[in-house]
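Read through the structure below, which is laid out as structure tokens, and then see the notes.
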Amino acid sequence: MMRSVVRGCAAGAVGTTVLNAATFADMALRGRPSSQAPAQTVDKITQGTVPGSGEDRENRLSGLGGLSGIAVGVGTGVVVSLARHAGLRLPCWLGGVVTGALAMTATDLPTARLGVSDPAGWSASDWVSDAVPHLMYGLATYGALHEGSG
């Protein structure tokens with residue numbers, strides 16, 4: 001089982017790198033700013049206890065928001081790897097879609113529950129900006145797990 005955890009961490013890291021690359025490419029192509037939702041979510045979760053003030057505090061929240069995304073990506077990789085270890089084997093394309101949807105849910109649900117963002121009010125462009133990188137994450141993560149399982 002420990003191999004599955006390690007394999008999931010590695011696959012989740014691969015997927016997270018792909019998601020970040022897709023997100024940064026979208027920002028560069030469209031000239032859009034980075035999302036403040038991860039930092040705002042961390043602020044809500046920590047109930048405003050992140051130390052500092054002004055720019056120092058905002059920078060800490062931004063860093064913690066980015067780290068939380070890495071944690072979700074790696075953690076999702078572990079969950080999916082353990083599911084594969086338990087016998088859940090999906091075709092690579094379907095496993096990728098399910099893995100991406102799981103990561104997207106793990107990211108968007110807390111954001112919505114905490115009132116940071118309301119996906120019901122998102123535009124089509126907002127949904128594409130969120131869904132495409134998560135789909136790419138899922139395909140990369142599940143693909144890495146599929147290939148790594150021999």
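Tabulated data
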| quantity | calculated |
| --- | --- |
| Relative contact order, percent, the range 45-150 [alpha-carbon distance under 8 Å, six or more residues apart] | 33 |
| With every protein chain in place, the range 33-80: carbon and sulfur % of accessible area (1.4 Å) | 58 |
| Label zone at LEU82 (point 7 Å along Cα-to-Cβ), backbone N below 20 Å, the range 94-135 | 95-96, 98-110 |
| Most positive-pole-ward Cα, LEU90, GLY31, VAL74, against dipole of the chain from beta carbon charges | LEU90 |
| Heavy-atom accessible surface of the range 93-142: percent carbon and sulfur, 1.4 Å | 72 |
| Under 11 Å, Cβ to Cβ, from ALA11 - net charge with Lys/Arg +1 and Asp/Glu -1 | +1 |
| Simple Cβ-charge dipole of the range 1-69, Lys/Arg +1 and Asp/Glu -1, about Cα centre, in debye nearest 20 | 300 |
| Cα-projected label distance for ASN59 with MET2, points at 7 Å along beta-carbon direction, nm | 3.9 |
| Rounded accessible area of MET27 (nearest 10 Å², 1.4 Å probe) | 40 |
| Cβ-defined net charge surrounding THR141, 14 Å radius [Lys, Arg +1; Asp, Glu -1] | +1 |
| Where ASP118, ASP130 fall by accessible area, highest first, once all protein chains stay in place (1.4 Å) | ASP118, ASP130 |
| Quotient of Cα Rg and 2.2 N^0.38 Å for the chain, N being how many residues it contains | 1.09 |
| Mean accessible surface per residue for the range 3-150, computed with a 1.4 Å probe while every protein chain stays in place, in Å² | 56 |
| Mean ellipticity per residue at 222 nm, deg cm²/dmol - from DSSP H runs of n ≥ 4 across the chain, formula -39500 (n - 2.57) | -27500 deg cm²/dmol |
| Filtered trypsin sites (Lys or Arg not before Pro), the range 17-101: DSSP coil and at most 12 other beta carbons within 10 Å | ARG89 |
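The values are calculated or read from the model by the stated rules, or taken from the named source; none is laboratory data. Keep in mind the model is a prediction, meaning the values are calculated, not measured. Note that each Cβ is placed from the backbone with ideal geometry, even for glycine, and that neighbours are counted across all protein chains shown. Calculation scope for accessible area: heavy atoms of the full protein, side chains included, ligands and nucleic acids excluded. Shrake-Rupley method; radii C 1.70, N 1.55, O 1.52, S 1.80 Å.
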